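S.K.: Can you read through this structure? Questions will come right after.
Any read-out appearing in this document is the output of simple, stated calculations on the displayed coordinates, not a laboratory observation. Source: prediction; values computed, not measured. Neighbour counts run over all protein chains shown; Cβ positions are idealised from the backbone, glycine included.
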Amino acid sequence: MLNSDTKQNNVYIDLRSDTVTKPTPAMRAKMAEAEVGDDIYKDDPTVNALEARVAQITGKERALFVPSGTMGNQICIKAHTRAGEEIILHRKSHIFVFEAGAAALISGVMTNLVDGENGYMDLEAIQNGIKDGSDMHQARTSLICMENTHNICGGTVVSLEHMKKIYDLAKENDIAVHLDGARIFNAAVYLKTDVKNIARYADSVMFCLSKGLGAPVGSMICGDEQFIERAVKVRKMLGGALRQAGVLAAAGLHSLDTMPDKLHIDHENAAYFAQTINGSQYVSLSGGMPQTNIVNVTLFNTKTDAGAVAEKMKKEGVLINGEKGSKHIRFVFHRDNADRKDVARAADVFLSALE
């Protein structure tokens, strides 16, 4: 039952995103103690250590620290392409839906959108969409972008086999491949493999330190030496070059040391939440049971909408994103809501809000 006494001291169970996590005391200590320098001059030892560590984890020659995942994706697109070219990506990809048209503005590229279930881009559609530039009327395809895990499709994981097929197809046509791996560590946990085994099927990889890994700020882009040299220039153009960034890099290093082995808890909590709400006559699990830390829900057989549900849940101490008029809600599980009791209460509050 809903109970207004469940929220105390303005402490919420926050299921809006895994970006909302707060630094732990241990992480704050690492940040406070970080040795720093000017990263523009490559004088920040903590940033240098983070970039070296990430290159090793992803199996790439070099890595670069950037302020955000969106900037990381856009740096990679610009470093791979020239204005007037075309990139192929999933119709529901983060790059297309949630990055404010940046590829068009920053890189001057067209987007060729491909459909596919659960984040799997249709291979035949990719093949048919590739343009080699020989026709003067058409933009040349210079980049294919994958996403793993796939955010809008509910944190679904694309298999290594499918990624390899896309990568091989790209190489046959002399096309670069970028991976939006914002939650690549979640994908690795689900696939029971190393991150580098996912990253091998892309020429560039972006992943976020500030999502499931729990750092307050920052993302990483990875690739070969020549690519990162181009990326450094683009980062400067976009205002993403930082100075004493070691205080942020220290948080990233701490996250890499402590969080990957705990991500399975977020996945288990997402599954528990989904199982708990699945019997409701008002709820459909979009895409089925979650594979990672995201649960997508569609409301039906009810006049209420996501906006109204969000308002009711907030009064009971649970935060979700819910738009007025929408029937779709996303719940995201992370380090700061890892207590199973909180997950159970969130499910109870949600089901009560539907009545």
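S.K.: Convex hull over the Cα atoms of the stretch 100-242, averaged projected area in nm²?
M.R.: In nm², the orientation-averaged hull projection of the stretch 100-242 is 9.7.
S.K.: Placing unit charges on C-beta atoms (Lys and Arg positive, Asp and Glu negative, everything else neutral), compute the dipole magnitude of the chain about its Cα centre in debye, rounded to 20.
M.R.: 620
S.K.: Give me the mean projected area, in nm² to one decimal, of the convex hull enclosing the Cα positions of the stretch 251-313.
M.R.: Details: hull surface 23.0 nm².
Mean projected area of the Cα convex hull: 5.8 nm².
S.K.: Related question: Can you give the charge dipole size of the stretch 61-166 about its Cα centre, rounded to the nearest 20 debye, using +1 on the beta carbon of Lys and Arg and -1 on the beta carbon of Asp and Glu?
M.R.: Dipole magnitude for the stretch 61-166 comes out near 280 debye.
S.K.: Pairing the Cα long axis of helix 45-58 with the longest principal axis of the chain, what angle in degrees results, from 0 to 90 and rounded to the nearest 10?
M.R.: Compared with the principal axis, the helix lies near 90 degrees.
S.K.: To the nearest 20 Debye, how big is the dipole of the stretch 150-275 about its Cα centre, given +1 on the beta carbon of each Lys and Arg and -1 on that of each Asp and Glu?
M.R.: Computed charge dipole of the stretch 150-275: roughly 340 debye.
S.K.: Here is a further query. Would you mind listing how long the stretch 168-253 runs along its three principal axes, going by Cα atoms, in whole Å with the largest first?
M.R.: That gives 42, 33, 17 Å along the principal axes, largest extent first.
S.K.: If neighbour count is taken as other Cβ atoms inside 10 Å, put 168, 135 in order from fewest to most.
M.R.: 135, 168
S.K.: Sticking with this one: Of 215, 71, 154, which is farthest on the positive side of the dipole of the stretch 25-258, counting Cα position, with +1 on Lys and Arg Cβ, -1 on Asp and Glu Cβ, and the Cα centre as origin?
M.R.: About the Cα centre, the residue reaching furthest to the positive side is 215.
S.K.: How big is D for the stretch 196-313, in µm² s⁻¹ as a whole number, if Stokes-Einstein is applied with the Kirkwood radius of its Cα pairs at 20 °C and 1.002 mPa s?
M.R.: Taking Rh from Cα pairs, D becomes 120 µm²/s.
S.K.: Compute a Gaussian network model of the chain, connecting alpha carbons closer than 10 Å, and tell me which residue from 93, 286, 204 fluctuates the most.
M.R.: 286
S.K.: Then there is this: Amide H neighbours of residue 90 under 5 Å, counting only residues 5+ apart in sequence or on other chains, H built in-plane at 1.01 Å?
M.R.: Amide H neighbours of residue 90, under 5 Å, 5+ apart: 114.
S.K.: While we're on this one: Compute the acute angle (0 to 90°) between the alpha-carbon long axis of helix 263-277 and the principal axis of greatest extent of the alpha-carbon atoms of the chain; round to the nearest 10°.
M.R.: Compared with the principal axis, the helix lies near 40 degrees.
S.K.: Which cross-chain or sequence-distant (5 or more) residues have an amide H under 5 Å from the amide H of residue 81, H modelled 1.01 Å from N in plane?
M.R.: Correct list: empty.
S.K.: Sequence gap at least 6, Cα distance under 8 Å: using those rules, report the relative contact order of the chain to the nearest whole percent.
M.R.: So the answer I get is 25 percent.
S.K.: Provide 11, 114, 205 in ascending order of the number of other Cβ atoms located within 10 Å of each residue's Cβ, fewest first.
M.R.: 11, 114, 205
S.K.: Let me ask you something else. Return the percentage of antiparallel bridges among DSSP beta bridges fully within the chain, rounded to the nearest 5 %.
M.R.: 50
S.K.: I've got another one for you. Tabulate in residue order the Karplus-calculated ³J(HN,Hα) for the stretch 200-209, using 6.51 cos²θ - 1.76 cosθ + 1.60 with θ = phi - 60°, rounded to whole Hz; enter x for Gly and Pro.
M.R.: 5, 9, 8, 7, 9, 9, 10, 9, 9, 7
S.K.: Taking every pair of distinct Cα atoms and averaging 1/r, then inverting, what Kirkwood hydrodynamic radius in Å comes out for the stretch 100-167?
M.R.: 13.5
S.K.: Tell me, what ³J(HN,Hα) does each residue in the stretch 164-176 have, in order and in whole Hz, if you take phi through Karplus 6.51 cos²θ - 1.76 cosθ + 1.60 with θ = phi - 60° and put x for Gly and Pro?
M.R.: Using θ = phi - 60°, the values come out as 4, 4, 5, 4, 5, 4, 4, 5, 4, 10, 6, 10, 6 Hz.
S.K.: Which residue fluctuates most in the GNM of the chain (Cα springs below 10 Å): 69, 181, 37?
M.R.: 37
S.K.: In degrees from 0 to 90, rounded to the nearest 10, what is the angle of the helix 340-353 Cα long axis to the longest principal axis of the chain?
M.R.: Its long axis makes an angle of about 70 degrees.
S.K.: Continuing with this model, one more query. Could you let me know the centre-to-centre spacing of the stretch 180-223 and the stretch 303-349, using Cα atoms, in angstrom?
M.R.: Taking the Cα centre of the stretch 303-349 as reference, the centre of the stretch 180-223 is 26 Å away.
S.K.: May I ask you to evaluate 6.51 cos²θ - 1.76 cosθ + 1.60, the Karplus curve with θ = phi - 60°, for each residue of the stretch 183-188 and list the ³J(HN,Hα) values in order in whole Hz, giving x for glycine and proline?
M.R.: After applying 6.51 cos²θ - 1.76 cosθ + 1.60, I find 10, 4, 5, 5, 4, 5 Hz.
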